[in-house]
Amino acid sequence: MTETLHIIGGGMAGSEAAWQAANVGVPVTLHEMRPKVGTFAHQTGNLGEMVCSNSFRSDDSEQNAVGLLHWEMRQAGGLIMATADTHRIPAGGALAVDREPFAETVTAKLKAHPLISVEYGEITALPDDGHWIIATGPLTSGGLAAAIQAETGADALAFFDAIAPIIHADSIDMSKAWFQSRYDKGETEAERTAYLNCPMDRDTYEAFIDALLAAEKTEFHDGETAKYFDGCLPIEVMAERGRETLRHGPMKPVGLTNPHQPDIKAHAIVQLRRDNALGTLFNIVGFQTKMKYGAQTEVLRMIPGLEEARFARLGGIHRNTFINSPTLLDGQMRLKSKPNIRFAGQITGVEGYVESAAMGLLAGRLAAAEIKGETVDTPPPETATGALITHISGGAEAKTFQPMNVNFGLFPPVDLKGGRKNRPARYKAYTDRAKELWLKWLGTTD
């Protein structure tokens, strides 16, 4: 094998693409601009660094589309899922990881692979020949973004992604907070107590909303338009949509009992999730924010239990770019105008760590097959991976294309009646069908 697959971007998608291609015998050069060229959100030069949440969300492969995607990637020998399993920390029914050793392990495994070389430096032009995958994610550098825009002739689509704050555990007042997962979900005691909960009464909640709405926010540059992805809305934007919005979102007071005041039902509850294996850091769940730093510390310390909070990282906001994949990519994830280039990951318009890694997995396999002179079809749309690629390569409406998490609404329907009461059976039918078809697809590609 003399032809090399070049991958730009060492995040979730690029790392997974490199692993998949190298494991079928294709030499890979992985190009990563960090740490030579940094970004607003990244803290290190590690591959696979997690910059927002440390959660891969639900791990339920029978009732949840994200959990099904986890299952598919594990069956395909995915690097990201194997590493996540190694560094898993309690998070109820979710899969959360200790982010620093996770990225360190991804980096070490890729660098140790005999067919993978890592080159550090920024690439700002689209290559005219060779086999390439662009997996630069939401923080694509300005030079490369301009080259993509010039090639496609389309305006860069953009929304703004907000990061949640991280707090030192020993600064949380445990006389007010307590450990409990919603509805005590989880098979172990660690899972059932994976979240820290901070309760609010009505007056505290109303004062918190007032402060949130009045706080100084990050301003956008001239010409920038804030088009947020609904799954990652800043808490201020949620509050602006209605004073009760947060109580029906990340602050919903359900499935939890305050052991300090078991007879009093909280009006709202703020949850924090462990951010590392030591349990020394916690992130505030769903509290992505664009408040300025000074305002963040003032407003967030209004939360009962966080009055003396010390912040390991404050929240922030960054531009998140993605291409209009339904118009620009073919069914093999290739750029129609330059078919030697594939796109993968969040830049294609999928949203989330797992979805990004899954598109990297698929792009790596498709590119490797092409280099080896083989033809590989994309997975059936009844699978989670297939549903995503179908969506971004033509299933979505191009005029209104926006980033999308995997969900059963992207799957061809199953023929089950019964409405809401039959939802568990319907979801099980989706996942059973997907697993059978995924294993058949893997059998044709391995």
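The values are calculated or read from the model by the stated rules, or taken from the named source; none is laboratory data. In this text the structure is predicted, and so the values were computed from the model without any measurement. Every residue, glycine as well, gets a Cβ built from its backbone with ideal geometry; the counts of neighbours run over all protein chains shown. The accessibility values were calculated without ligands, DNA or RNA, using every heavy atom of the protein model including side chains. Shrake-Rupley method; radii C 1.70, N 1.55, O 1.52, S 1.80 Å.
Residue count for the range 251-300, restricted to those that are not in a loop (DSSP other than H, G, I, E, B) and not basic (K, R): 18. Scanning the range 315-367 for residues that are over 22 Å from W19 (Cα atoms) and among the basic types (K, R) yields R319, K336, K338. So for the range 388-399 (the condition being over 23 Å from A22 (Cβ atoms) and among the polar types (S, T, N, Q)), does at least one residue qualify? Yes: one or more hits.
Among the conditions (1) more than 22 Å from G25 (Cβ to Cβ); (2) open to solvent by less than 10 Å² (accessible area, probe 1.4 Å); (3) of a type outside the set (F, W, Y), the only one that P413 does not satisfy is (2). Here are some residues: K252, K292. Which one is at pLDDT below 95 and in contact with a Lys or Arg (Cβ under 9 Å, 6 or more places away or on another chain)? Only one candidate qualifies: K292. The residues on offer are T86, T152, T107, and the sole one that is of a type in the set (S, T, Y), touching a helix residue (DSSP H, G or I) at 6+ places or on another chain (Cβ under 9 Å) and open to solvent by less than 20 Å² (accessible area, probe 1.4 Å) is T107. If you go through the range 73-83 and keep only what is closer than 12 Å to D59 by Cα and either open to solvent by 10 Å² or more (accessible area, probe 1.4 Å) or among the hydroxyl-bearing types (S, T, Y) (or both), you end up with just R74. Take M302 and decide whether it is surrounded by 24 or more Cβ atoms within 10 Å (Cβ to Cβ), within 30 Å of G92 (Cα to Cα) and either aliphatic (A, V, I, L, M) or in contact with a His (Cβ under 7 Å, 6 or more places away or on another chain) (or both). So M302 fails the test.
Looking across R313, R274, R334, R342, one residue alone is under 18 Å from M50 (Cβ atoms) and either surrounded by 17 or more Cβ atoms within 10 Å (Cβ to Cβ) or touching a Gly at 6+ places or on another chain (Cβ under 7 Å) (or both). It is R274.
Evaluation of Y427 against the conditions (1) hydroxyl-bearing (S, T, Y); (2) farther than 29 Å from I148 by Cα; (3) within 21 Å of the chain's Cα centre (by Cα); (4) open to solvent by 40 Å² or more (accessible area, probe 1.4 Å) shows that the sole unmet condition is (3).
Looking at the range 346-366, which of its residues are touching a Leu at 6+ places or on another chain (Cβ under 6 Å) and over 19 Å from W438 (Cα atoms)? V350 - this is the single residue of the range 346-366 that is touching a Leu at 6+ places or on another chain (Cβ under 6 Å) and over 19 Å from W438 (Cα atoms). Please determine whether any residue of the range 351-360 is over 21 Å from V26 (Cα atoms) and open to solvent by 30 Å² or more (accessible area, probe 1.4 Å). Checking the range 351-360: at least one residue is over 21 Å from V26 (Cα atoms) and open to solvent by 30 Å² or more (accessible area, probe 1.4 Å). Within the range 348-360, residues that are touching a residue at least 40 places away in the same chain (Cβ under 8 Å) and farther than 11 Å from V66 by Cβ have Cβ atoms under 7 Å from residues that are surrounded by 24 or more Cβ atoms within 10 Å (Cβ to Cβ) and of a type in the set (F, W, Y) in these pairs: T348/F322; G349/F322, counting only partners at least 6 apart in sequence or on another chain.
Taking residues in the range 124-139 that are free of Cβ contacts under 8 Å to residues at least 24 places away in the same chain, and partners anywhere that are surrounded by 15 or more Cβ atoms within 10 Å (Cβ to Cβ) and in a loop (DSSP other than H, G, I, E, B), the pairs with Cβ atoms closer than 8 Å and at least 6 places apart or on different chains are T124/S141. Quick check on A162: is it under 17 Å from the mean Cα position of the chain (by Cα), surrounded by fewer than 18 Cβ atoms within 10 Å (Cβ to Cβ) and at pLDDT below 85? No.
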